[in-house]
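Chemist: The structure is given below, and queries will be raised subsequently.
The values are calculated or read from the model by the stated rules, or taken from the named source; none is laboratory data. Every value quoted in this text rests on a predicted model; they were computed, and no experiment measured them. Cβ placement follows ideal geometry from the backbone for every residue including glycine, while neighbour counts extend to all protein chains displayed. With ligands, DNA and RNA removed, areas are computed over all heavy atoms of the protein, side chains included. Shrake-Rupley method; radii C 1.70, N 1.55, O 1.52, S 1.80 Å.
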Amino acid sequence: MTTTATPTGLRERLEAVVGHDHVRTDEGALVTFSMDATPLERGRPDAVVFPATADEVAGVLRIANERGVPLIARGSGTNLSAGTVPHRGGIVLVLTRMNRVKEVSGAELVAVCEPGVRTIELAQAAAAKGLLFPPDPGSQSTATVGGNVAECAGGLRALKYGVTRDYVLGVQAVLATGEIIRSGGRLVKDVAGYDLRRLLCGSEGTLAVMTELTLRLVPAPEASGYGMAYFPDLAAAARAVSRVLASGVLPVTLEFLDQVCIGAVEDYAQIGLDTSAGALLIFGQDGDPAVIERDLERMAQACATEGATSVRIAESPEAASEVLEARRAALPSLSRLEPLTLLEDATVPRSRIAEMVEYIQEVARRHQLKIGTFGHAGDGNLHPTAVLDPADEGAVGRARAAFGEIFARAIELDGTITGEHGIGLVKLRYLERQLGADHMALLRRIKAAFDPNGILNPGKLGS
Amino acid sequence: MTTAAIAPDPVPERRGVFTAELLDRCISCGFCLPACPTYALTGVETSSPRGRINLMRALETGVLPDDDPTVQEESSFCLGCRACEPVCPAGVQYGELVEEWRDHLWNGRGRPWKVRPLLWAVDSPRRVRAMGIVRRHAGRGEAPGPVNLMLGCFERVLYPRVSRDARKLAGELAAPAAQGCCGALHAHNGELGRGRQLAQRLGEALPGTIVTTSGGCGAHLAGVLGGDRVKELSQWLHARDGAVVGNPTAARPRIGLQDSCHLRHGLGVWREPRELIARVGEYVELPSAAGCCGGAGSYAIVRPQDSARVLDRHLDEIAGADLDLVAVVNAGCYRQLQQGVKRRRLRTRVLHLAELLAGVK
């Protein structure tokens, strides 16, 4: 990290827009905004700005555009693909002051909020009115709605409820050139113009800065129930998943842990898992209690039919909490094995999960790495997680090579290099392999149309 | 993470300010942000646990110098409440890191001048005894027993009734007056070595089990002497009596609790005081009960304005719940809440848990 002074006059101009107290250029602050939740990646910004309104955002964007300074929008910084790392310097635009939930309407099933609202706060505001905001990424207690929309975050309920994009009804956004636009609104049906709100969802801060979101809510389910099953190997668990879905059940939860994860969780949390099993499947349903009972029974039956060595349905909320504990503890347990944890999100069609996880283990063996895989069995979203010993100097290089092979394989299996973490900085080089040259060229033309001077999160998607 | 558009930094030289295993634990996930009171006040990453750990890392690798104003400011702005620890999936021991941080920055001339007389006062057991001599605390010229009551340093001066009431609740507690300070104040204010030394010395003065009425002291002492020897009063009473439900009196007062941060996050004790309160009144869980009240040891003295800002939410909730009583389990919280309640002219009384239990026994 090299130390350079703030570009001449930049601080003063930013202060004129957001006020003296909401611009940081001290070296210490720049250090803390030079990274997000992605290991190893960093870049020192020139200034950090905290706007409070869409007009202030527009003012900052005009300055950035006029001076050709990169601008990186950021919420809480929980990004896992270095999407909010300012690797080319510039202005980090932090939206956490814009944190008002403006409306939660039970009659219209919509919520309107600013981008800096934490996802859990929105979910709680909805729950207070008997409503559900379904997207529940692992970082929901910290992450912001704006960040979740910009990344199109997934979560544990995606199979049944979809992902963030399925809940974005409308956005207000500031263009790179400072104009404020709206796309969509409160309507379920609205086909006037290109569907820009969906284009902005998952655009990773490269097309515009969203300043207000209108989100769809659904009635909260009455209850939920969970069960778990052990399998001798992952292939059997994967067959059980297919059988569950073919049996007319659309479960809210279908999570799995491979043998490495089961061992790590048991070592750390000691919750009585069977470490001899090849895979653990956690299944759940929400809705009407009678439907839950019927579906859990069907899912348990499907697991037994596919050779589960043991199946258990949680009889009480406490027992359900124990069942879910294994999944919740997966990442903490892996991250305590070694201080450096690389978490990925390669995703394949669910019929290929077993094949993919076996390949991941083969790659791990070949590169002498410890990789545990857990994830969302229902939607094929895997989280292969490499735990690296910092004393092993070649480990980072070997892990990068291993993940390169894992991504290539995911693409061959009709999968994707990223299910929910985003392309960011770390996966841009794999994107063309998945999309092809023509598609990449179109992305760049779209980027240029939105951001002619290339100031919004440059060097990432669309670059 | 798997490809680098920019190369990762070469492994930098370490200065040895921090224990490497402690500093390396953080995976930067950011789960600590919503738990941090100073992040809640500012919304600025730099004033969050993850931000501060990145400042520590910059200090450790020489990216930022010791006299960097942001590094200095954040080392003092942090309450040291450790609310970030239970929410951390990677098990970062943030409290230890802050102690090492301050030990490095504040040893010598860097220490805030306001804490210097406090540290001086409690540095010698003789001075601590002298401070308490005019107050009617439980200490007496007796030999230590198998289970000993710690009198505290400032607590014996400010709140002498606490130790008396603890004795009233448990006659088997010996309370030899010949005991000094536990050293927590030193450890939290940049004199880690001295803090550990004082804890050791207290352990020698009070052999056997030590029961403390202050969560902050309990966590520090347990860190040095081990959790087997050190028990906080509610923890010890609860283990002794179990969760016995007392006789519901005709009028059960509405009682809230202010957790002691280090008792809750350091020693994992939070259920016990709640169950003890429920014996004597209607327990009301305040939404912010588990959050730092801003007292934070010497913080209220060093940074009175920030301390008051942290306290505001607690006072709002106490007023809103119209409580009869709020119980505390730590001397610093006692002073903080008592002054806040007085300032706002609330009808709620602040009492130490020992006083509360002894008063209705």
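Chemist: What angle, in degrees between 0 and 90 and rounded to the nearest 10, separates the Cα long axis of helix A:259-269 from the longest principal axis of the Cα atoms of chain A?
Modeler: In chain A, helix A:259-269 runs at an angle near 80 degrees to the longest axis.
Chemist: Per residue of A:427-437, how many C-beta atoms from partner chains lie within 10 Å of its own C-beta, taken as a mean?
Modeler: Mean shielding by partner chains, rounded to a whole number: 1.
Chemist: Can you list the residues of region B:63-78 that have at least 10 square angstrom less accessible area with all protein chains present than in their chain by itself, probe 1.4 Å?
Modeler: B:V63, B:L64, B:D68, B:T70
Chemist: Go ahead and run the numbers for FRET between A:A290 and B:D241, Cβ-Cβ distance against an R0 of 45 Å, rounding to 0.05.
Modeler: With a Förster radius of 45 Å, E is 0.50.
Chemist: In addition: Suppose R0 equals 45 Å; then what is the FRET efficiency for A:H20 and A:D438 from their Cβ-Cβ distance, rounded to the nearest 0.05?
Modeler: 0.40
Chemist: If you don't mind, another one. Relative contact order for region A:101-219 using alpha-carbon pairs under 8 Å, separation at least 6, rounded to a whole percent?
Modeler: The value is 31 percent.
Chemist: Additional query: If you plug each phi of region A:270-280 into the Karplus form 6.51 cos²θ - 1.76 cosθ + 1.60 with θ = phi - 60°, what whole-Hz ³J(HN,Hα) values come out, in order, with x for Gly and Pro?
Modeler: 6, 10, x, 6, 8, 6, 7, 6, x, 7, 10
Chemist: Moving to a separate point now. Working from Cα positions, state the angle (0 to 90°, nearest 10) between the long axis of helix A:289-305 and the longest principal axis of chain A.
Modeler: Roughly 60 degrees between the two axes.
Chemist: Quick one: work out the % antiparallel among DSSP beta bridges in the protein assembly as shown, nearest 5.
Modeler: Details: 60 of 86 bridges.
If we restrict to bridges inside the protein assembly as shown, about 70 percent are antiparallel.
Chemist: Moving to a separate point now. Please report the carbon-and-sulfur percent of the accessible area for chain A; probe 1.4 Å, protein heavy atoms only, DNA, RNA and ligands left out.
Modeler: On chain A, the fraction of accessible area on carbon and sulfur atoms equals 50 percent.
Chemist: Something else now. Counting pairs of alpha carbon atoms under 8 Å apart in space and at least six apart in sequence, what relative contact order in percent does chain A give?
Modeler: 15
Chemist: Using a 1.4 Å probe, how large is the accessible area of A:H20, given in Å² and rounded to the nearest 10?
Modeler: 120
Chemist: Classify chain B: rounded, prolate or oblate, from the alpha-carbon gyration tensor (a ≥ b ≥ c, eigenvalue square roots; a/c under 1.5 rounded; otherwise prolate if a/b is larger than b/c)?
Modeler: Prolate is the answer for chain B, as a/c is 1.5 or above and a/b outweighs b/c.
Chemist: Which FRET efficiency, nearest 0.05, do A:A5 and A:N453 yield, Cβ-Cβ r, R0 30 Å? Mind dumping the intermediate values first?
Modeler: Details: r = 23 Å, r/R0 = 0.77.
The value I calculate is 0.80.
Chemist: Sticking with this one: Could you provide, to the nearest whole Å², the per residue accessible area of the protein assembly as shown with probe 1.4 Å?
Modeler: On a per-residue basis, the protein assembly as shown sits at 39 Å².
Chemist: Here's another thing I want to ask about it. Pop out the ³J(HN,Hα) list for region B:337-351 in order, Karplus 6.51 cos²θ - 1.76 cosθ + 1.60 with θ = phi - 60°, rounded to Hz; leave Gly and Pro as x.
Modeler: Couplings: 6, 4, 5, x, 5, 5, 4, 8, 6, 7, 7, 5, 9, 9, 9 Hz.
Chemist: Would you please classify the overall shape of region B:114-239 from the alpha carbon gyration tensor, given that a ≥ b ≥ c denote the square roots of the eigenvalues, rounded means a/c under 1.5, and beyond that prolate means a/b larger than b/c while oblate covers the rest?
Modeler: Oblate, since a/c reaches 1.5 and b/c is not below a/b.
Chemist: Right, something else. Shielding by partners for A:34-42, please: the mean number of other protein chain Cβ atoms within 10 Å of each residue's Cβ.
Modeler: On the way: counts 3, 6, 5, 7, 3, 4, 8, 6, 4.
Partner-chain Cβ atoms within 10 Å, mean over residues of A:34-42: 5.
Chemist: Please average, across the residues of A:19-29, the number of beta carbons from any other chain that are within 10 Å of each residue's own beta carbon, and give a whole number.
Modeler: Numbers: counts 0, 0, 0, 1, 0, 4, 0, 6, 9, 16, 8.
Per residue, the average neighbour count from other chains is 4.
Chemist: Could you run the Karplus curve 6.51 cos²θ - 1.76 cosθ + 1.60 with θ = phi - 60° over region A:429-437 and give me ³J(HN,Hα) per residue in whole Hz, x for Gly and Pro?
Modeler: 5, 8, 5, 5, 4, 7, 8, x, 5
Chemist: How many angstrom lie between the C-alpha centres of region B:149-180 and region A:367-391?
Modeler: 53
Chemist: In chain B, which cysteines lack any other cysteine Cβ under 4.7 Å from their own?
Modeler: So, B:C26, B:C29, B:C36, B:C78, B:C88, B:C293, B:C333.
Chemist: If a paramagnetic tag sat 7 Å from the Cα of B:I133 along the Cα-Cβ line, which residues of region B:171-194 would have the backbone N under 16 Å from that point?
Modeler: So the set is B:177-180.
Chemist: Once ligands and nucleic acids are excluded and a 1.4 Å probe is used, how much of B:W270 is accessible, expressed in Å² to the nearest 10?
Modeler: That residue has around 90 Å² of solvent-accessible surface.
Chemist: Could you give the length gained on full extension between B:R271 and B:R347, defined as 0.36 nm per residue of separation minus the Cα-Cα distance, in nm?
Modeler: Extra length available between B:R271 and B:R347 comes to 24.7 nm.
Chemist: Is the C-alpha gyration tensor of the protein assembly as shown telling us rounded, prolate or oblate? Criteria: a/c under 1.5 is rounded; beyond that, a/b larger than b/c is prolate, otherwise oblate. Display every interim value, and only then the final one.
Modeler: Details: a/c = 1.74, a/b = 1.43, b/c = 1.22.
Prolate is the answer for the protein assembly as shown, as a/c is 1.5 or above and a/b outweighs b/c.
Chemist: Here's something else I'd like to know. Sort the following peptides by mean Cβ neighbour count (other Cβ atoms within 10 Å, averaged over residues), highest first: B:256-264, B:218-226.
Modeler: B:256-264, B:218-226
Chemist: Still on this model: Give the cross-link partners of B:K168 among the lysines, using a straight C-alpha distance below 18 Å as the criterion and excluding same-chain residues fewer than 8 apart.
Modeler: Reachable lysines: B:K231, B:K361.
Chemist: Here's a follow-up. With a 1.4 Å probe, how much accessible area is buried between chains B and A, both sides summed, in Å² to the nearest hundred?
Modeler: 3300
Chemist: Tell me, what % of the accessible area of chain B is carbon and sulfur with a 1.4 angstrom probe? Before the final figure, lay out each step's value.
Modeler: Working: 7600 of 14420 Å².
Roughly 53 percent, rounded to a whole number.
Chemist: Moving on to the next point. Go through B:285-292, A:140-147 and give me the packing order, highest mean Cβ count within 10 Å leading.
Modeler: Averaged packing, sorted descending, gives the order A:140-147, B:285-292.
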